[in-house]
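Structure first, commentary second.
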Amino acid sequence: MSIQTVATNPFSDQKPGTSGLRKKVRVFQQPHYLQNFVQSIFDTLEIPANATLTLGGDGRFYNKEAIQVIIKMAAANGFAKVLVGQHGILSTPAASNIIRKYQTFGGIILSASHNPAGPDDDFGIKYNTSNGGPAPEKITDAIFANSKHITQYKLIDLPEVDLSSIGVTTLDGFEVEVIDSVADYADLMQSMFDFAAIKRWLAAGHRLQFDAMHAVTGPYAKEIFTHRLGASADSLINCEVSENFGGGHPDPNLTYAEDLVKIAYGEQAPDFAAASDGDGDRNMILGNHFFVTPSDSLALIAANAKLIPAYAKGLSGVARSMPTSGAVDRVAAKLGIACYETPTGWKFFGNLMDAGRVTLCGEESFGTGSDHVREKDGLWAVLCWLNLLAATGESVESLVRKHWQVYGRNVYSRHDYEGVPTEQANAVITHIKAQFANLPGQAFGSYTVKAVDDFSYTDPVDASVSTGQGLRILFACGSRVVIRLSGTGTEGATIRVYLEAFTEDAAQQQLDAQEALAELISVSHQISQLPQLTGRQQPTVIT
């Protein structure tokens with residue numbers, strides 16, 4: 001095979017965010033843009049002989065075209081083989097499983113996660129290392145550094161690979177194997193959960209409703225829920241993968257998963273409802289007229305983990321991102337296991353899992369997972385809940401309310417202000433930081449500020465330090481407000497405001513979160529001046 005070297009000029013905007021590089025499709029379609037970033041990935045790696053690359057994506061617009069480019073570049077950069085999901089499809093947790101199961105050198109995942117898809121919307125790319133998890137900051141920093149000085153990239157002019165047919169294509173010793181996107185992952189799930197008990201629960205007349213939001217988990221849901229667990233076909237909605245996710249926003253929350261929310265709060269509501277996102281790593285859990293916050297979901301799974309076969313021997317520890325509520329901390333304390341607080345971004349959990357320090361981890365942004373892979377896993381979380389419902393005979397609501405009776409309730413909500421002009425978003429952060437010296441000791445209604453900081457994290461495994469991870473306003477009563485800018489958008493900035501108040505009062509536990517947090521919301525506005533500085537009187541999304 002003849003390697004072609006193509007001259008190029010660097011782009012200045014290829015710094016990976018929380019989970020890879022995300023831009024508008026039209027940005028990626030610029031001449032050399034995708035190739036520059038892929039070459040920058042390969043340039044930072046020491047690729048051994050006979051190395052295999054895992055490759056796939058969430059099926060969004062531009063997925064198939066990008067895969068053909070990456071195959072040609074992988075061949076030119078020393079890979080001996082590429083494993084690619086059929087039709088170019090691999091959910092993010094399924095890709096992590098493939099990397100780990102077949103011990104590939106690493107993987108490239110094409111996704112912008114929960115962001116919208118289509119010619120005028122978003123695309124993304126990230127590199128996962130041999131443990132199956134997102135590349136750590138030292139690698140993404142090296143990729144960005146390389147992208148600022150790149151002068152050429154390499155590829156081999158191969159014929160396009162037929163991604164629709166499972167099998168091996170060999171080209172002068174270089175192999176591309178198209179694999180079943182679903183089977184390995186479904187087998188893993190069946191090995192972890194009590195499928196027989198879940199089948200009995202469904203056969204007894206309990207009803208499930210799952211919404212794939214026209215995204216990547218559709219094929220996985222059909223195999224697992226209908227073929228292996230015996231759920232009826234009408235238990236699944238929006239399960240056909242679409243390049244533009246059916247024109248929707250594949251973010252499983254109360255705002256964007258509107259179809260499912262109407263069903264869960266309707267007259268004929270199912271016993272259990274759930275949704276997953278664009279690339280299959282997020283989840284939303286609902287009962288009959290009842291919403292479970294991701295923070296509570298993590299805590300409840302941890303508290304009841306021994307009911308799930310994969311965790312029958314207990315947990316080594318748990319971890320949560322800093323903005324996630326402290327509900328799981330209370331479970332860990334009662335179980336006598338370690339609990340770690342990390343920055344936002346799943347890559348921070350990888351070291352802890354590899355070192356055997358944690359079994360379960362989660363983020364308030366609808367991501368929950370365990371050490372079975374090195375990514376958050378939407379369908380895994382759904383199966384956790386189904387297993388617990390089958391094992392206990394309880395409803396979703398009764399499980400949560402009984403949990404609150406034992407541990408108390410961390411009343412929690414996140415307010416997102418999306419598409420804020422960057423200068424306005426930065427002004428909010430600057431305004432809060434300017435008050436750091438004076439805020440401690442100040443009273444705002446019934447809340448007195450105890451401390452403020454910009455969260456930093458020292459990894460207990462490799463001692464790496466991450467700073468500037470979010471502003472924390474901590475109150476004497478144990479409540480808190482966290483404000484940070486999101487790294488997952490492609491336009492302007494998203495300001496995320498996290499609000500948390502703990503209560504052991506049974507009456508307070510019954511309140512709607514927005515009602516219970518009303519004063520704290522007002523205090524957050526008073527301190528941040530967010531409405532005045534941005535002109536936004538209401539958040540775009542409340543979860």
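The values are calculated or read from the model by the stated rules, or taken from the named source; none is laboratory data. Keep in mind it's a predicted model, so treat the numbers as computed, not measured. Cβ sites come from the backbone with ideal geometry, for glycine too, and all protein chains shown count toward neighbours. Only protein heavy atoms, including side chains, enter the accessible area calculation; ligands, DNA and RNA are left aside. Shrake-Rupley method; radii C 1.70, N 1.55, O 1.52, S 1.80 Å.
With the convex hull drawn around the C-alpha atoms of the range 40-166, the volume per residue stands at 118 Å³.
To the nearest 10 degrees, how steep is helix 396-407 against the longest Cα principal axis of the chain, on a 0 to 90 scale? Computed tilt is about 60 degrees. Hey, got a sec? Which chymotrypsin sites (Phe, Trp or Tyr not before Pro) in the range 434-543 land in a DSSP loop and have at most 16 other Cβ atoms within 10 Å? When the chymotrypsin sites (Phe, Trp or Tyr not before Pro) of the range 434-543 are filtered for loop state and at most 16 Cβ neighbours within 10 Å, F436 remain. On the basis of the beta-carbon distance and an R0 of 35 Å, R207 and E341 show a calculated FRET efficiency of 0.40. The stretch between H227 and N50 holds 60.1 nm of extra length on full extension. This uses 0.36 nm per residue minus the Cα-Cα distance. When the residues I143, I542, I3 are ordered by accessible surface, computed with a 1.4 Å probe over the protein chains alone, the sequence from largest down reads I3, I542, I143.
Between 0 and 90 degrees, the angle of helix 183-192 with respect to the longest Cα principal axis of the chain falls at about 40 degrees.
If you roll a 1.4 Å probe over the range 54-123 with all protein chains in place, what percent of the accessible area is carbon or sulfur? Mind showing how you got there, number by number?
Working: 770 of 1590 Å².
That share works out to 48 percent.
Residues of the range 319-334 with backbone nitrogen within less than 19 Å of a virtual label 7 Å along the Cα-to-Cβ line of T392, please, listed as ranges. Only 325-334 pass the distance filter.
Computed over Cα pairs, the Kirkwood radius of the range 298-363 leads via Stokes-Einstein (1.002 mPa s, 20 °C) to a diffusion coefficient of 184 µm² per second.
Using 1/(1 + (r/R0)^6) with R0 = 35 angstrom and r between the beta carbons of K148 and Q529, what's the FRET efficiency to the nearest 0.05?
Details: r = 36 Å, r/R0 = 1.02.
Once the sixth-power term is evaluated, E becomes 0.45.
Dividing the summed -39500 (n - 2.57) terms of all DSSP H runs of n ≥ 4 by the residue count of the chain sets its mean residue ellipticity at 222 nm at -9000 deg cm²/dmol. When the trypsin sites (Lys or Arg not before Pro) in the range 293-380 are filtered for DSSP coil states and for at most 16 other beta-carbon atoms within 10 Å of their beta-carbon, the remaining sites are K313. Start at zero, step by 20 Å, and the Cα-Cα distances of the chain spread as 22, 56, 21, 1 percent across the bins.
Say a site is exposed when it is one of the GluC sites (Glu not before Pro), sits in a DSSP loop, and has at most 10 other Cβ atoms within 10 Å; what is then the longest site-free stretch of the chain? Please report the intermediate quantities before stating the final value.
On the way: sites that count: E46, E267.
It works out to 268-543.
Distance between the C-alpha centres of the range 244-302 and the range 421-450: 33 Å, rounded to the whole angstrom.
Against the compact-protein benchmark of 2.2 N^0.38 Å, the Cα-based radius of gyration of the range 443-508 scales to 1.42.
The 3J(HN,Hα) values that the Karplus relation (6.51, -1.76, 1.60; θ = phi - 60°) gives for the range 295-307 are, in residue order, 5, 5, 4, 4, 5, 5, 4, 4, 5, 10, 4, 5, 6 Hz. Gly and Pro appear as x. Beta bridges from DSSP with both residues in the chain: antiparallel share about 70 percent, rounded to the nearest 5. Taking the square roots of 5 times each eigenvalue of the Cα gyration tensor of the range 227-378, largest first, gives ellipsoid semi-axes of 28, 17, 15 Å.
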